Every structure is written in C-alpha cells, then in structure tokens.
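The values are calculated or read from the model by the stated rules, or taken from the named source; none is laboratory data. Keep in mind that this is a model prediction, so the values were computed, not measured. All Cβ positions, glycine included, derive from the backbone under ideal geometry; neighbour counts span all protein chains shown. Please note that ligands, DNA and RNA were not included when accessible areas were found on the heavy atoms of the full protein model with its side chains. Shrake-Rupley method; radii C 1.70, N 1.55, O 1.52, S 1.80 Å.
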Amino acid sequence: MPVEFDQQKLELALKAGREDENLPFSLHIFDSLASTNQTLWNLLAQGEKPWSVVIARQQTAGRGQWGRQWISPTGGLYLSVAIAPKLEATASYQLTLASAWGIASQLRQCGVDVGIKWPNDLVLNGRKLGGILTETKINNGYIIQAVIGVGINWTNPVPETGINLERWQASRPTKPISCLEILTSVVLQGLQSGMECLYQEGISILLSRYLELLSNMGDKVYIDNLVGTVVGVTSVGKLRVSLETYDTTEIKTPELYIEPGTITLGYSKSSVSL
Ligand code: BTN
C-alpha cells in the first residue's frame, strides 16, 4: 500500500477528459486529522473559497451522521468539499441527495454497481460502501456555506454490514478503480455533477435520478404496529411510506413522511427496524 497520497496523480486524473486545464478544486491533503469536515470549517473561517477540498489518509475523530463516530483508519477515503449553495435552510437535505446521486452515478459509470440507501449511504452488494455527512452554516434562513464529507471504504477493514471496494473488485474480472487517488477523483467529479444537476436541472430531475438508484424502493417498514411500503423520497429528503389501512368499505393508502434520522433501514431485508 502506498504510504503517501499522491496529489499529482489525483490532479492528473481530475484533468483527464476536461477541456479546462484549471481545476475548480483547491486541494489540501493531510496525513492525519481529527476530522476533514472540521479542518475544512477552520479553513473556511480563514477565508478559503467554495470547492476547497480537504483529504486525510486517516482521521482520529471522524464524524458520522446523527452524532455517530466514523472509524477512519488508513486505507479509506476521507474527504470534505466546501460549497456555497444559496439554498433555503429547509432544503438542506437536497445537498445530501445531490451528493449521493452524483457519487453513485459516477461510480456506476466506472462499472461499480453502487446504489443508494436512504438517505445518505452508498451501498454495494447490499452492504455499506460509504456515507455522506452534510454540515451547513445558515444565515437569515439560507445556507451560506456547506461542507460535504464523504467516507468510502477502499482497503480499510469494515464491519459485518460493510464492504470495501478492493475486496469487491478482487472478485470481478475487471478492476475499474486502480488506486485511492482515482477513487478520489471519481468522488470529486461525482460531487460536482451532483451539484450541477441540482443547480441547473432542479430538484425534480435530481430526485427522479436519485430514486432510480434507491435500493429501498418497495421495502417493508414497520411503524407503530403498522406495515408500510417505501414508495419514494420527498424533495426535502423525507422517506415516503405508504400504509395500507382498511375500514369497512374500502382500502386506503395514506402516506407517511419520515424525517431522516428517525428510523433506520437495516442492511439485511429481515432487519428493517425503527
Ligand atoms: C455516515 O454516517 O454514513 C456519514 C459518514 C461520513 C464520514 C466522512 S469521512 C470524511 C468526512 N469527515 C468527517 O469527519 N466525516 C466525513
């Protein structure tokens, strides 16, 4: 395993296929950090601009969704990207939907069969390949800055419900992602294309693309002794669950809208849980 992250290799990969030689990203690469999200917030406070990127070979206090820890030994991809989206604060989840769709679709274009597990997980063979943590700074009801943090399992050890790309590729005839720097360039291009889709095409188109890659469609969910079926996601990131209820005359299918973080969709179909 290479001991250093090769910035030149990353820049070459990012430049490949681009007409403009000037990269939109300003890269900051570290050996070890507490959290790439935290370092990027610190850099933004010192005047760093949108599309600044922080990458670390390992993190000692990596942050996950819902206040969890993100275990971050060397071998994984840990990066954060700054954006200035000018979105209403209530729409902040759109940044996560755009990031998840952009990264998943870019990996799929490389031949990696990634799907999305609501709201922010990247999945491969039904296991967690990576996750996204979006943090925002709000002023007067608008997002003025956002940091999108991405963790992807490359060669690092993973728990039972996880998978890393190296192991997945070992079982395949072709290995589309040859190193961590190439994976990093795919993820950065995915984030850029996700944001372009959101800004230029709008949330309806982005959402329809996100739903095409959503692995939970049709899953059964159990809520307060009722069984529901996942039928989609709203434009602000809530899970749409259709409930079947019966009264004496007809079948009704009211919908519930579930906030991210209030239920967990498990990694095995049999363990969908509240
Ligand atoms: C999740 O819980 O699924 C989201 C995990 C996001 C982890 C990444 S690793 C790079 C960035 N820096 C952090 O501290 N967290 C995110």
Whenever you get a sec, compute what percent of the accessible area on the chain sits on carbon and sulfur atoms (1.4 Å probe). 50 percent
Which whole-angstrom value gives the distance between the alpha carbon centres of region 1-65 and region 132-155? 14 Å
Can you tell me the length gained on complete extension of the stretch residue 257 to residue 205, counting 0.36 nm per residue apart and subtracting the Cα distance? 16.7 nm
Segments 113-121, 87-95 sorted - mean Cβ within 10 Å per residue, highest first: 113-121, 87-95
Counting only the heavy atoms of the protein chains, how much of residue 110 is accessible to a 1.4 Å probe, in Å² to the nearest 10? 50 Å²
Counting sequence-distant residues (5 or more places) and residues on other chains, those with an amide H built under 5 Å from that of residue 52 are 26, 82
Would you please give the residues with an amide H less than 5 Å from that of residue 232, counting only those at least 5 places away or on a separate chain, with H modeled from the backbone geometry? 240
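Helix-derived [θ] at 222 nm for the chain: sum -39500 (n - 2.57) over DSSP H runs of at least 4, divide by residue count, nearest 500? Display every interim value, and only then the final one.
Values: 6 runs with 69 residues, N = 274.
So the calculated ellipticity at 222 nm is -7500 deg cm²/dmol.
Expressed in nm to one decimal, what extension gain is obtained for the pair residue 46 and residue 15 from 0.36 nm per residue of sequence separation less their Cα-Cα distance? The partial results should precede the final answer.
On the way: separation 31, 0.36 × 31 = 11.16 nm, distance 2.74 nm.
Here the segment from residue 46 to residue 15 would lengthen by 8.4 nm.
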For residue 116, the residues 5 or more places away or on another chain with a placed amide H closer than 5 Å to its own amide H are 123, 214, 215
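Taking only protein heavy atoms into account and a 1.4 Å probe, give the accessible area per residue of region 176-266 in Å².
Numbers: 4410 Å² over 91 residues.
That works out to 48 Å² per residue.
So if R0 is 35 Å, what FRET efficiency would residue 26 and residue 235 give, r being the distance between their Cβ atoms, rounded to the nearest 0.05?
E between residue 26 and residue 235, to the nearest 0.05, is 0.65.
List the relative contact order of the chain as a percent without decimals, with contacts defined as Cα pairs under 8 Å and 6+ residues apart. List each step's numbers first, then the result.
Numbers: 533 pairs, mean separation 44.5, N = 274.
After rounding, I find 16 percent.
Just flag the trypsin sites (Lys or Arg not before Pro) in region 1-105 sitting in loop per DSSP whose Cβ has no more than 16 other Cβ atoms within 10 Å.
Values: sites: 9, 15, 18, 57, 63, 68, 86; in loops: 18, 68, 86.
Qualifying residues, ordered by number: 18, 68, 86.
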Those helices of the chain passing the 15 Å axial Cα length cut-off and the mean Kyte-Doolittle cut-off of 0.0 (DSSP H runs only) are 93-109, 180-196
Give a residue-ordered list of calculated ³J(HN,Hα) values for region 134-149 (Karplus: 6.51 cos²θ - 1.76 cosθ + 1.60, θ = phi - 60°; whole Hz; x for Gly, Pro). 9, 10, 10, 10, 10, 9, 6, x, 10, 7, 9, 8, 9, 10, 9, x
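With the cut-off at 1.5 for a/c, could you classify region 7-212 from its C-alpha gyration tensor as rounded, prolate or oblate?
Values: a/c = 1.31, a/b = 1.23, b/c = 1.07.
Since a/c stays below 1.5, the shape of region 7-212 is classed as rounded.
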